[in-house]
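S.K.: First the structure, then my questions, so here it is.
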Amino acid sequence: MSTKLRSELESLLLVSDSPASVSALAAATGASDDEVLTQLRALAAEYSARSSGIDVREVDGGWRLYTRRENSPVVEKFVTGGSHSKLTKAAMETLAVVAYRQPVTRSQVSAIRGVNVDGVMRTLTVRGLIRECGTEQGAILYETTELFLQHLGIDSLDRLPNLAPLLPEVDQIDEF
């Protein structure tokens with residue numbers, strides 16, 4: 001195992017704020033895709049074997065460093081300073097609509113929920129659970145974030161339960 005490549009990959013994964021593809025990591029290090037993939041798999045196996053606090057996972061077509069799931073209570077306590085506030089029912093409902101209908105505008109979420117969601121959308125954005133992802137006819141579109149997936153303990157929206165057929169189609173809802 002190339003210790004230089006391994007060190008470079010660890011550094012790149014540490015500074016990456018989104019999953020890094022094998023090809024992007026290979027381009028940055030000058031190694032082949034196969035060499036990079038072999039090293040990433042070896043890192044993941046080693047971290048897991050020694051119960052490291054760091055986990056190397058493949059998500060969304062790329063690789064990323066995470067804290068080990070078993071450590072989430074202590075990490076959360078440290079990050080939040082012990083002040084953990086749960087999402088309100090309104091925030092959970094709004095988050096569910098965004099998750100299942102993304103990308104979606106604020107007015108579309110309001111129409112589905114039947115109430116104004118401006119404040120709730122701001123709260124979810126500040127907490128890093130949703131983000132702006134473009135515009136549609138001048139309205140801002142929203143989608144869930146990687147942090148949302150991390151909190152659910154999943155690596156892809158494909159792993160969400162299939163509830164979307166129970167929600168009304170966005171184009172069938174009158175916009176506010």
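Bear in mind that the values in this text are calculations on the coordinates, not laboratory data. Because the structure is predicted, anything quoted here is derived from the model rather than measured. Heads up, the Cβs are rebuilt from the backbone with ideal geometry, glycines too, and the neighbour counts pull from every protein chain shown.
S.K.: Cα axis of helix 89-101 to longest principal axis of the chain: angle in degrees, 0 to 90, nearest 10?
M.R.: 70 degrees
S.K.: Taking the Cα centre of the chain as origin, sum charge times position over the Cβ atoms of Lys and Arg (+1) and Asp and Glu (-1), and report the length of that vector in debye to the nearest 20.
M.R.: Dipole about the Cα centre, nearest 20: 760 debye.
S.K.: Now a separate question. Just order 57-67, 149-159, 98-108 by mean Cβ neighbour count inside 10 Å, highest at the front, would you?
M.R.: 98-108, 57-67, 149-159
S.K.: Now for a different question. Sort 134-142, 17-25 by packing, meaning the average of other beta carbons within 10 Å per residue, with the highest value first.
M.R.: Packing order, densest peptide first, comes out as 17-25, 134-142.
S.K.: Of the options Ala111, Ala42, Gly61, report the single residue whose Cα projects farthest towards the positive end of the charge dipole of the chain (beta-carbon charges: Lys, Arg +1; Asp, Glu -1).
M.R.: Ala42
S.K.: From the phi of every residue in segment 39-52, what ³J(HN,Hα) in whole Hz does the Karplus formula 6.51 cos²θ - 1.76 cosθ + 1.60 yield, where θ is phi - 60° and glycine or proline is x?
M.R.: Along segment 39-52, the couplings run 5, 5, 5, 5, 4, 4, 5, 5, 4, 5, 4, 9, 6, 4 Hz.
S.K.: Assigning unit charges at the beta carbon (Lys, Arg +1; Asp, Glu -1) and nothing else, what dipole magnitude in debye, to the nearest 20, does segment 4-72 show about its Cα centre?
M.R.: Computed charge dipole of segment 4-72: roughly 240 debye.
S.K.: Using amide H atoms built in the peptide plane, which far-off residues or other-chain residues are under 5 Å from Ile140 H to H?
M.R.: Under 5 Å from the amide H of Ile140: Arg106.
S.K.: Hey, another quick one. Only Cα pairs under 8 Å and at least 6 apart count here; give the relative contact order of segment 95-146 as a rounded whole percent.
M.R.: Result for segment 95-146 is 44 percent.
S.K.: Next question, about the same structure. Report Rg(Cα)/(2.2 N^0.38 Å) for the chain, keeping two decimals.
M.R.: 1.23
S.K.: Among Gly138, Ser11, Val98, flag the residue with its Cα farthest along the positive direction of the charge dipole of the chain, charges on Cβ as +1 for Lys/Arg and -1 for Asp/Glu.
M.R.: Ser11
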